[in-house]
Amino acid sequence: MLPQAVAEELQKLHIQDRVEEVIKADNYEASKKKDYYQIPISRENIHFLQTWEETLQCWEKVLQPGQVVGVDMEWKPSFGMVGKPRVALLQLALKDEVFLLDLPQLLKQADAEGEKDKLSHFIQMLYSDTAITKLGYGMSGDLSSLAATCSPLKDMEKQMQGVVDLLAVDKQLQWEKDSLKVDGLSPEHSHEERGVRQSEKGLSLLVQHVLGKPLDKTEQLSNWEKRPLREEQILYAASDAYCLLEIYERLCKDPESFGLGSDLTDSLVGKQSKKPWAKKQLNKQEAPSPSGQECQGPRTEPSGHPAPISPREFSVVCDNMLQGLGRYLRCLGVDVRLLDNEDDHRKAAEIARQEGRVILTSGLPYHTLRSQVGEGRCFSVNCSEKAKEQALQVLKHFNVQVSLSDIFSRCQVLIRKLDSARSSHFQVGKIPNFVHILDALEYKLHFWVGTKILVKWCSLYS
């Protein structure tokens, strides 16, 4: 036996080593939270599902019209083995919850109950529902592995609708220092000044660019078939799916800050249109509008314009990135409702259904909203254009004919100022102080110079 003094000293050293290990572990965790993307929902809202009873409850939440779902999958690393890996975990992220489906266990249970197609039926409903937006990153590879796991899903890629593959966005992003502005940093900041880690790649790099921090990929090559999953694996899997929702939301709000075109839907869905099956579907679903943007509804010839209507017969709800357009249309007599900056895009569909309005939106939200309203009731506006051109685009598409009496018809205070200016010929010299009237409204309609614009408006519909 060791002398008591020596034993006590060794015990102290052992305790000290343990304390140092704990401190190092705490520092490491703190560093990870500082340096890497952190999922913004609490741990209790991340659910690991191994029974069909739990999974049915998940379905009820996921398969809701208007839902936006981040989808990701994990499988055991193959390390060069031939063939597609089998999916071990399917992650479905909603705004407030993430569901982690234990596919091997669910398939085993379904097989034991004589319902082999239960899982494939759910996945087919999810991916083919146009009213649900599915977000992924490299979805083609994920679906190939899913087909290897569940054979009825081998043709799933041909049935996909309402999907947004952020890998397609990633390929289009322009990360030049003179065209990117992230988190309030000016475009002239370099990648180093923004803290962009050039060693990051794939989804992690996209998360870094859009959300400011990369993903922690430590668990990427762990054994996803081993049960139980470690806590680190659960958080990693949930973060991989949830970050897709945040990227989607950020790009929707301000695509041009990331060097993207204003209508992201065109670029995302356009990737699928290269496939023969997608070309057939295009004829059945929608055609480009006269403005070059997509609008829900069947293909129509140029001669088949809708019947002319007045601004007072036209009511719209403008998404929050189109508030300037909404104000222009309101000045022309259109019945306009504007979403507030903090409103979710899906509120536009709710208002449109309740009040019979047309939705005016742009970019990715169009892809989500168009399936939630009637045919021809959602229109995608080009955000890169000024409000003047946007208004012309909308009025032409819906054949809204504006007369002088419509101008400011919803601004009763100013009607009297225009009364004396009305004439059957709309003569320029008879309209007093028009620029000042616009300034008084504080709408800053810079394209209306003097009264010439009134003549221009009228000539459009003469």
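Hey, any hits in segment 96-104 for a residue that's part of a loop (DSSP other than H, G, I, E, B) and not acidic (Asp, Glu)? No: segment 96-104 contains no residue that is part of a loop (DSSP other than H, G, I, E, B) and not acidic (Asp, Glu).
In segment 330-353, the residue that is farthest from Leu404 (Cα to Cα) out of those that are part of a loop (DSSP other than H, G, I, E, B) and in contact (Cβ under 8 Å) with a residue 60 or more places away in the chain is His345. Screening Tyr37 on (1) among the aromatic types (Phe, Trp, Tyr); (2) at pLDDT below 95; (3) under 25 Å from the mean Cα position of the chain (by Cα) shows it passes everything except condition (2).
Please verify whether Leu89 is open to solvent by less than 60 Å² (accessible area, probe 1.4 Å) and in a strand (DSSP E or B), treating the condition exactly as stated. Here the answer is yes, as Leu89 does meet what is asked. When Ser78, Ser128, Ser120 are screened for being among the polar types (S, T, N, Q), at pLDDT below 95 and crowded, with 20+ Cβ neighbours inside 10 Å, only Ser120 passes.
The values are calculated or read from the model by the stated rules, or taken from the named source; none is laboratory data. Computed from a predicted structure; not experimentally measured. Heads up, the Cβs are rebuilt from the backbone with ideal geometry, glycines too, and the neighbour counts pull from every protein chain shown. With ligands, DNA and RNA removed, areas are computed over all heavy atoms of the protein, side chains included. Shrake-Rupley method; radii C 1.70, N 1.55, O 1.52, S 1.80 Å.
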